[in-house]
Amino acid sequence: MPRKAEGSDQFEDGGDYVQSLARGLSVLSAFGRDRNRLGLADIATRTGLSRAAARRLVLTLQHLGYVRAVGREFMLGPRVLELGFGYLGSLNLTDLAQPLMEDLARKVRQSSSMAVLDGQSIVYVLRVPGQRVMSVNLGVGARLPAFCAAMGRVLLSGLDDAELDAWLAQCKPTRLTPHTQTDLRRLRGIVTDVRMQGYAYVEQELELGLCSIAVPLRNAQGRIATAINVSMPYHPDAARHAIENVLPQLEQTAQAIEGCVPANRLQAVTA
C-alpha cells in the first residue's frame, strides 16, 4: 500500500477520501525492484485487495497505459514515468543540485557554490559552505563582480561574441587586489580561453588568499545556464592542485546535475 501521511487514518474515515484512487495507487506501489513482474494473485496479496478488485484495477491501469501485460503477469508501463517527471519538473534546480554539491564539498573539503549571471554581477543561488576562505560570508542572493570571479568568467563564456562585446562595453572593472585583471582586451581573451577549455580558474583576483575554479552547467540546447565552483585558499601549488585534483570532481558533479535535472529547469534558472 502507498505510504500513509501522518493523521491519514482519521482522513480515511471522512467523505473526502477516495478509496478507489488509493487502491489504484497501491497496485502501482506493489511493483518494485525485487518484483518487477507480478501476477494477479501476487498483486492481491501485496495490496490486501481481493483478487477480483485487483483484477479490475489492473485492467483499468493497463487501459490507461500505467501497466502492461506480459503473458499472465503484469509490469509497470512507460506512462508511469510521467508521474516521476512531473515531480522532478516541479522541483527547483537547487533542490536537485544541493545533495550532489554537498557530496562534492565533502570530497574536496572546500566550499562549493552555484551562480547565475545578472548584468555585471553573478548572483549566488546555492551555497554549500566548507572551509571559510573569504572574509565575506556569502549566502544565497549574494552578488560578486562577474569579471573577476571564476563562475562569472564561465557564465560570460556562454555569451556569443556580440553579447560578450556588449557586456564588456558596460563593464567598469575595479582593481580589488594587486592581481585583479582590469584590462578589457585581456579580459575578453581570458573569456575566450575559458570558452575553449571548459573551465575558469581565478587566483587572488577577487580577494587575497582566495582561489576558485568553476565549470558550466548546460541546458538541452547546449547553452550555459549556470555555473558551479569550488573555492579554496591560495598556496603556491594551488593552480596545479585545482586543475589536477579538484577540476575532475567538479566536472563529474556538473555532469551528474545535468543528468538528473529536467532540461526545462536548466533553461529557467535566472537571478
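Can you name every residue in the range 169-192 that is among the hydrophobic types (A, V, I, L, M, F, W, C), open to solvent by less than 70 Å² (accessible area, probe 1.4 Å) and not in a helix (DSSP H, G or I)?
Of everything in the range 169-192, just one residue is among the hydrophobic types (A, V, I, L, M, F, W, C), open to solvent by less than 70 Å² (accessible area, probe 1.4 Å) and not in a helix (DSSP H, G or I), namely CYS171.
Before we move on, is ARG240 part of a helix (DSSP H, G or I) and modelled with pLDDT of 90 or more?
Spelling it out, ARG240 is indeed part of a helix (DSSP H, G or I) and modelled with pLDDT of 90 or more.
If I ask for residues that are more than 20 Å from VAL18 (Cα to Cα) and either more than 39 Å from the chain's Cα centre (by Cα) or open to solvent by less than 20 Å² (accessible area, probe 1.4 Å) (or both), which ones from the range 52-73 would you list?
VAL67, GLY71, ARG72
Residues to consider are LEU28, LEU61, LEU81; find the one that is assigned to a helix (DSSP H, G or I) and at pLDDT below 85.
LEU81
Quick check on the range 252-261. Is at least one of its residues of a type in the set (A, V, I, L, M), assigned to a loop (DSSP other than H, G, I, E, B) and buried (at least 23 other Cβ atoms within 10 Å of the Cβ)?
yes
Go through the range 193-237 and give me each residue that's part of a helix (DSSP H, G or I) and without any contact (Cβ under 8 Å) to a residue 24 or more places away in the chain.
ASP193, MET196, GLN197
Quick check on this structure: which one of ARG35, ARG46 is open to solvent by 50 Å² or more (accessible area, probe 1.4 Å), closer than 18 Å to ARG72 by Cα and not in a loop (DSSP other than H, G, I, E, B)?
Being open to solvent by 50 Å² or more (accessible area, probe 1.4 Å), closer than 18 Å to ARG72 by Cα and not in a loop (DSSP other than H, G, I, E, B) holds for just one of ARG35, ARG46, which is ARG46.
Quick one: in the range 243-257, of everything that is over 14 Å from SER111 (Cβ atoms) and touching a strand residue (DSSP E or B) at 6+ places or on another chain (Cβ under 8 Å), which residue is modelled with the lowest pLDDT?
ILE257
The values are calculated or read from the model by the stated rules, or taken from the named source; none is laboratory data. Note that this is a predicted model, so its numbers are computed, not measured. A quick note on method: Cβ atoms are made from the backbone with ideal geometry, for glycine too, and the neighbour counts reach across all protein chains shown. For accessibility, only protein heavy atoms count, side chains too; no ligands or nucleic acids. Shrake-Rupley method; radii C 1.70, N 1.55, O 1.52, S 1.80 Å.
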